[in-house]
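**Q** Here it is: the structure, laid out below.
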């Protein structure tokens, strides 16, 4: 059982203080200076780490004209979204140095196998697997083989999918593993946080349990009543040893950008610096069993987060599942031609977003099989496309 492990010089789990990760994501809005300001704000607030996302539009999807229907990004072409939202590769090592200068750990979520190699080369102390990619067993295998601690989020998964992810990581050598309970509704409702699941995760899977939080507003439909400190502090009472949240410098500005179609993609679940600082203060009070001086309304909302042990996606998360990667034909294939899984190399089938194709667990089985018909690039791969005998 993984009761504790080290990320660089810091103990995580066990009796150690809750490890707080500030997620930069796309909140830099394409500005390196803004990324630096967010990093500085994370350090000033008392976070332990700053986390990036390492991908390009072409590694995460292809320019097939798909849209993430049923999500807060459904008006945006998926390829254009990731073109705007990605963190340029040339920023990574500069931000890594800035993080070290500010006493922060620096790591990232890779979304493809080449990104795993790159992050390993620059010496990240831990890998984080995003909720959407937990079903990408090829990515999990690649990460596991690097021999570093791994943190995964369980957003949108059911029990069998989470169990499969943990098994794949363990079978490929991961000893130090944390699983963050996560509701991948964007934003998530307090009443669907189901924090009781955190302690169950630790018991069932023998991992360090934690929380990746997307709650923020008591009114998650109109998004006008922020209570950003509530869920993470409540999570401590259910055994959370890691908390991950998104950080932005000005959520109101990001919201206006999103409403005008200019950016701000993560505004609805990103904390401002003062909210991050307050959240960390409440976490530290909760760890010491001290009063957090909550109003009656805050107490009511806090009680909503407890919920039940739940290993199935919520209704809102079912819409998010359409964004998970599956197997797609990325180069046109003629009938009788072998299907070749790319996985960061050359190939005509790859694991990319969105859903619609076969689950990635079948990548090795499909690899080398002949196409049953002509398949143009941009086709989500189906069993009827594969010659099985």
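**Q** Please verify whether residue 128 is closer than 26 Å to residue 40 by Cα and part of a strand (DSSP E or B), treating the condition exactly as stated.
**A** Numbers: closer than 26 Å to residue 40 by Cα: yes; part of a strand (DSSP E or B): yes.
Yes: the conditions hold for residue 128.
**Q** Is it fair to say residue 285 is assigned to a helix (DSSP H, G or I) and out of contact with any helix residue (DSSP H, G or I) (no Cβ under 9 Å at 6 or more places or on another chain)? I'd like the intermediate steps shown before the answer.
**A** Values: assigned to a helix (DSSP H, G or I): yes; out of contact with any helix residue (DSSP H, G or I) (no Cβ under 9 Å at 6 or more places or on another chain): no.
Here the answer is no, as residue 285 does not meet what is asked.
**Q** Of 296, 281, 312, which residue is in the same structural domain as residue 200 (by TED's automatic domain parsing) and farther than 28 Å from residue 180 by Cα?
**A** Numbers: 281 fails: farther than 28 Å from residue 180 by Cα; 312 fails: farther than 28 Å from residue 180 by Cα.
From the options 296, 281, 312, the qualifying one is 296.
**Q** If I ask for residues that are in contact with a helix residue (DSSP H, G or I) (Cβ under 8 Å, 6 or more places away or on another chain), assigned to a helix (DSSP H, G or I) and crowded, with 24+ Cβ neighbours inside 10 Å, which ones from segment 252-278 would you list?
**A** Across segment 252-278, the qualifying residues are 267, 276.
**Q** Is it the case that segment 113-133 has a residue that's without any contact (Cβ under 8 Å) to a residue 40 or more places away in the chain, assigned by TED's automatic domain parsing to the domain that holds residue 199, within 27 Å of residue 308 (Cβ to Cβ) and surrounded by 20 or more Cβ atoms within 10 Å (Cβ to Cβ)?
**A** yes
**Q** Tell me which residues, restricted to segment 342-389, are touching a helix residue (DSSP H, G or I) at 6+ places or on another chain (Cβ under 8 Å), crowded, with 16+ Cβ neighbours inside 10 Å and part of a helix (DSSP H, G or I).
**A** 360, 363, listed by residue number.
**Q** State which residue pairs qualify: first residue loosely packed, with under 12 Cβ neighbours inside 10 Å and inside segment 215-227, second residue at pLDDT below 90 in any location, beta carbons under 9 Å apart, and separation of 6 or more residues or different chains.
**A** none
**Q** A further question follows. Has segment 230-239 got at least one residue that is surrounded by fewer than 24 Cβ atoms within 10 Å (Cβ to Cβ) and touching a strand residue (DSSP E or B) at 6+ places or on another chain (Cβ under 6 Å)?
**A** There is at least one residue in segment 230-239 that is surrounded by fewer than 24 Cβ atoms within 10 Å (Cβ to Cβ) and touching a strand residue (DSSP E or B) at 6+ places or on another chain (Cβ under 6 Å).
**Q** Which pairs do you get when a residue that is without any contact (Cβ under 8 Å) to a residue 60 or more places away in the chain, found in segment 239-254, comes within reach of a residue that is assigned to a strand (DSSP E or B) and buried (at least 20 other Cβ atoms within 10 Å of the Cβ), reach meaning Cβ atoms under 8 angstrom, with the pair 6+ apart or on two chains?
**A** Every condition considered, the pairs that remain are 239/209; 251/270; 251/271.
**Q** Name the residue, out of 8, 41, 57, that is closer than 22 Å to residue 129 by Cβ and in contact with a strand residue (DSSP E or B) (Cβ under 7 Å, 6 or more places away or on another chain).
**A** Of the residues listed, the single one that is closer than 22 Å to residue 129 by Cβ and in contact with a strand residue (DSSP E or B) (Cβ under 7 Å, 6 or more places away or on another chain) is 8.
**Q** Determine if segment 320-336 includes at least one residue that is part of a loop (DSSP other than H, G, I, E, B), more than 19 Å from residue 136 (Cβ to Cβ), in contact with a strand residue (DSSP E or B) (Cβ under 6 Å, 6 or more places away or on another chain) and not assigned by TED's automatic domain parsing to the domain that holds residue 115. Explain how you work it out, then say what you get.
**A** Here is the first cut: in segment 320-336, the ones part of a loop (DSSP other than H, G, I, E, B) are 324-325, 330-332, 334-336.
If we keep only those that are more than 19 Å from residue 136 (Cβ to Cβ) too, we end up with 331-332, 334-336.
Filter again for in contact with a strand residue (DSSP E or B) (Cβ under 6 Å, 6 or more places away or on another chain), leaving 335-336.
Still in the running and not assigned by TED's automatic domain parsing to the domain that holds residue 115: 335-336.
Yes, there is a match, as at least one residue in segment 320-336 is part of a loop (DSSP other than H, G, I, E, B), more than 19 Å from residue 136 (Cβ to Cβ), in contact with a strand residue (DSSP E or B) (Cβ under 6 Å, 6 or more places away or on another chain) and not assigned by TED's automatic domain parsing to the domain that holds residue 115.
**Q** Moving to a separate point now. Under the condition of being touching a helix residue (DSSP H, G or I) at 6+ places or on another chain (Cβ under 8 Å) and in a helix (DSSP H, G or I), which residue from segment 299-319 is farthest from residue 231 (Cα to Cα)?
**A** Let us first name the residues in segment 299-319 that are touching a helix residue (DSSP H, G or I) at 6+ places or on another chain (Cβ under 8 Å), namely 301-302, 304-314, 316.
From what is left, the residues that are in a helix (DSSP H, G or I) are 301-302, 304, 316.
Details: 301: 9, 302: 7, 304: 9, 316: 18 Å.
Within segment 299-319, the match that is farthest from residue 231 (Cα to Cα) is 316.
The values are calculated or read from the model by the stated rules, or taken from the named source; none is laboratory data. A quick note: this is a predicted structure, and the numbers were derived from the prediction, not measured. Glycine also receives a Cβ, built like all others from the backbone with ideal geometry; neighbour counts cover every protein chain displayed.
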